[in-house]
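Comments concern the structure below.
The values are calculated or read from the model by the stated rules, or taken from the named source; none is laboratory data. Please read all numbers here as calculations on a predicted model, not as lab measurements. All Cβ positions, glycine included, derive from the backbone under ideal geometry; neighbour counts span all protein chains shown.
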Amino acid sequence: TQLQTLSLSLLESLVIDEADLILSYGHDEDVKQILSGGHLPKLYQTFLMSATMTKDVETLKGIALRNPAILKLEEDKDEAANLTQYVVRCSEVDKFLLTYVILKLKLVKGKCLIFVNDVDRGYRVKLFLEQFSIKSCVLNSELPLNTRFHIVQEFNKGVYDYIIATDETGGKHEDQDTDDDEELEEEAEEEEAEADTDLIATEPTESNEPGPSNPTKRKRPSSPQPESKKPSKKHRAGKKDKEFGVSRGIDFVDVACVLNFDLPRSSRAYTHRVGRTARAGRSGMALSFIVPKEEFGKDKVLSCPSCERDEVVFSRVEKEQGARGSKVKDYAFDMAQVEAFRYRMEDALRAVTRVAVREARIKELKTELLNSEKLKTHFEENPLDLEYIRHDKSLHPTRVQAHMKH
């Protein structure tokens, strides 16, 4: 509007959706400028919508609304009953085993959203599933916007059945439960984000067998030099969309199951994730993996830092869901039968090394950037060709062992 490229003189309705995030992302000055900068007509109607009432929403209400009529929509008990919630307490390794069994045996019918807590985890799960010829797409903040939009479109059309979605925020920009433990959650998120931004900016120096990477990570805080290098690394690795969030604001159609491969960092983020299924009167299932405290850290390669607080977060989830009249049930597996698949799982997991994950991450980023930039004009002229772009191709076809398909 400041560049006068958009005329708002005929505006009739102003809609602010996901209102609880607008100020959290630092857009307060922009909002004030739009509302009080003389860009809008004297008469127009404003709609402010939010799933949660936070201090930011109250602030935004004061900026955008005058004597508003407030409409609170209570969740219908019948609607809540459409969502069945399950939990499995297992080790980090067993997460992969159970995911393999669930998807390979098609224990879940229909489309599934698999949530992980960082980008590396997403590619590790994708490469792992590729070992069994189970196709999936990754959706994360590093991918170009056009690519993300196309992935969601194709998923909604039924082209893909499985999306591995990286929910890095997981409650980071939301008002958390008001006790002292929430500060620890935020600190853990910041540490994970800093470790994650180092990935693409550095060259692969490790061997195919993962393991010796952890000691180098521990040495960084004690050395003053990495402190000065971090901004440049973040700048180079960055091209992440800081406002990207896949657990809310995206309309996924006909999702049969939400699989929390990694439990989110807050009970509120959990609510947003499981809300991707059982929508518009349809039934759905949410299954969450929880790592017990005694199991955390046993496998340093597969361990996810946020899992250390799984039990704390899940206790809040149970409390919140109980207040809504819902219950998270234990998911019963016949572990004797599941154990028969373990040798295949371990064989596949050994093939997914840190180097393989790094290479896959860089390869897909380059491919999607190429599709997004160089072919943009072509697709504008030939829109039907866009349907032939697939995002679930194998990232390491040479590493896939043929016998694992069956």
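The table below gives the values:
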item: Flag for Val138 being surrounded by fewer than 23 Cβ atoms within 10 Å (Cβ to Cβ), within 20 Å of the chain's Cα centre (by Cα) and either among the β-branched types (Val, Ile, Thr) or at positive phi (or both); result: no
item: Test result for Ser288, touching a Gly at 6+ places or on another chain (Cβ under 8 Å) and either modelled with pLDDT of 90 or more or within 19 Å of Thr99 (Cα to Cα) (or both); result: no
item: Some residue of region 144-153 being at pLDDT 90 or above and among the β-branched types (Val, Ile, Thr); result: yes
item: Filter result for Val57 (outside any helix (DSSP H, G or I) and surrounded by 14 or more Cβ atoms within 10 Å (Cβ to Cβ)); result: no
item: Any hit, region 14-24, residues being touching a residue at least 24 places away in the same chain (Cβ under 8 Å), loosely packed, with under 11 Cβ neighbours inside 10 Å and under 17 Å from Pro68 (Cβ atoms); result: yes
item: Output for region 91-118, where each listed residue is in contact (Cβ under 8 Å) with a residue 60 or more places away in the chain and either not assigned by TED's automatic domain parsing to the domain that holds Asp299 or not in a helix (DSSP H, G or I) (or both); result: Ser91, Val108, Lys109, Gly110, Lys111, Cys112, Leu113, Ile114, Phe115, Val116, Asn117, Asp118
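Yes/no matrix, rows are residues, columns are (1) part of a loop (DSSP other than H, G, I, E, B); (2) of a type outside the set (Lys, Arg):
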{"site": "His272", "(1), (2)": "no, yes"}
{"site": "Ala286", "(1), (2)": "no, yes"}
{"site": "Pro292", "(1), (2)": "yes, yes"}
{"site": "Val301", "(1), (2)": "yes, yes"}
{"site": "Arg309", "(1), (2)": "no, no"}
{"site": "Arg316", "(1), (2)": "no, no"}
{"site": "Gln321", "(1), (2)": "no, yes"}
